[in-house]
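Heads up: the structure comes next, in structure tokens.
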Amino acid sequence: MTYLSKDERREAILHAAMRVALNEGFTGMTVRRIAAEAGVAAGQVHHHFASIGELKSQSFIHLIRALLDAEVVPDTASWHERLRGMLGSDEGGFEPYIRLWREAQFLATRDPEIKGAYVLTMEMWHQETVSIIRHGAEEKAFILNDTPENVAWRLIGLVCGLDGIYVLDMPEMDDDAFNNHLDKQILLELS
């Protein structure tokens, strides 16, 4: 058995929790399941995290940070493509993250720790979106009629609303319809 420092052990448990979250969602994130994934005793999970809620929240925040940092489009992409990538990617590999995001949204109504993590990740998404809009406007790729902050919230709100309809599997809201609505709103907001 390899000796890990306290920080390394905490990090290993956090990464195990992140794997469980992506594979099984929040409901699968029990102390026993995470301990088994990390290869440690359940007591180690309790030793390194004040509660399972803290571990779930930290895992979610780290996973969404990774999602936001993922290279969806190349550095040479246009500002429109970068914004489009930040708001809604067709990359199928992100589906476990999106499922977890949806679950967090639902749980946020009754779990204060998940709500705090969800609010923080929503703010992170907003900041990234604002940055793209601001840089695109500076380079004359976007025309702003409002603040980047307001435009970003409206676009994020649209994505969240469209996603809520999309998960219902309504024939009027397939991938193409989702993308068409989002592209139209980006054009309305930024040209």
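The values are calculated or read from the model by the stated rules, or taken from the named source; none is laboratory data. Only a predicted model underlies this, so the values are computations on that prediction, with no experimental measurement involved. No Cβ is skipped: glycine too gets one built from the backbone with ideal geometry, and neighbour counts run over all protein chains shown.
Just one of the numbered conditions (1) buried (at least 16 other Cβ atoms within 10 Å of the Cβ); (2) over 13 Å from the mean Cα position of the chain (by Cα) is not true of Ser57; which one?
Of (1) buried (at least 16 other Cβ atoms within 10 Å of the Cβ); (2) over 13 Å from the mean Cα position of the chain (by Cα), only one is false for Ser57: (2).
Residue by residue, here is whether (1) under 26 Å from Lys56 (Cβ atoms); (2) among the β-branched types (Val, Ile, Thr); (3) within 12 Å of the chain's Cα centre (by Cα) holds:
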| residue | (1), (2), (3) |
| --- | --- |
| Phe94 | yes, no, yes |
| Leu107 | yes, no, no |
| Trp125 | yes, no, yes |
| His135 | no, no, no |
| Leu144 | no, no, no |
| Ala152 | no, no, no |
| Leu162 | no, no, no |
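I need a count of the residues in the stretch 28-72 that are without any contact (Cβ under 8 Å) to a residue 60 or more places away in the chain and either touching a strand residue (DSSP E or B) at 6+ places or on another chain (Cβ under 7 Å) or of a type in the set (Ser, Thr, Tyr) (or both).
The total comes to 2.
How about the stretch 63-91: which of its residues are more than 14 Å from the chain's Cα centre (by Cα) and farther than 19 Å from Lys140 by Cα?
Passing the criteria: Val73, Pro74, Asp90.
Hey, can you tell me all the residues within the stretch 27-51 that are in a helix (DSSP H, G or I) and either under 14 Å from Leu63 (Cα atoms) or small (Gly, Ala, Ser) (or both)?
Hits for the stretch 27-51 are Gly28, Ala35, Ala36, Ala38, Ala42, Gly43.
With (1) under 23 Å from Ala104 (Cβ atoms); (2) modelled with pLDDT under 95; (3) of a type in the set (A, V, I, L, M, F, W, C) as the list, and Trp153 as the residue in question, which single condition is left unmet?
(2) is the only condition that Trp153 fails.
Under the condition of being in contact (Cβ under 8 Å) with a residue 60 or more places away in the chain and in a helix (DSSP H, G or I), which residue from the stretch 2-26 is surrounded by the fewest Cβ atoms within 10 Å (Cβ to Cβ)?
This residue is Asn23.
If I filter the stretch 170-180 down to residues being surrounded by fewer than 17 Cβ atoms within 10 Å (Cβ to Cβ) and not small (Gly, Ala, Ser), which single residue comes out as modelled with the highest pLDDT?
Asn180
Okay, residues lined up against (1) crowded, with 18+ Cβ neighbours inside 10 Å; (2) touching a residue at least 12 places away in the same chain (Cβ under 8 Å); (3) touching a Ser or Thr at 6+ places or on another chain (Cβ under 7 Å):
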residue	(1), (2), (3)
Gly85	yes, yes, no
Leu100	yes, yes, no
Asp111	no, yes, no
Val119	no, no, no
Ile132	yes, yes, no
Thr147	no, no, no
Asp163	no, yes, no
Leu168	no, no, no
Gln185	yes, yes, no
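Output the helices (runs of 4 or more DSSP H) that fall wholly within the stretch 67-179 and possess 3 or more residues being over 17 Å from Glu189 (Cα atoms), or say none.
Here the list reads 95-107, 112-138, 148-166.
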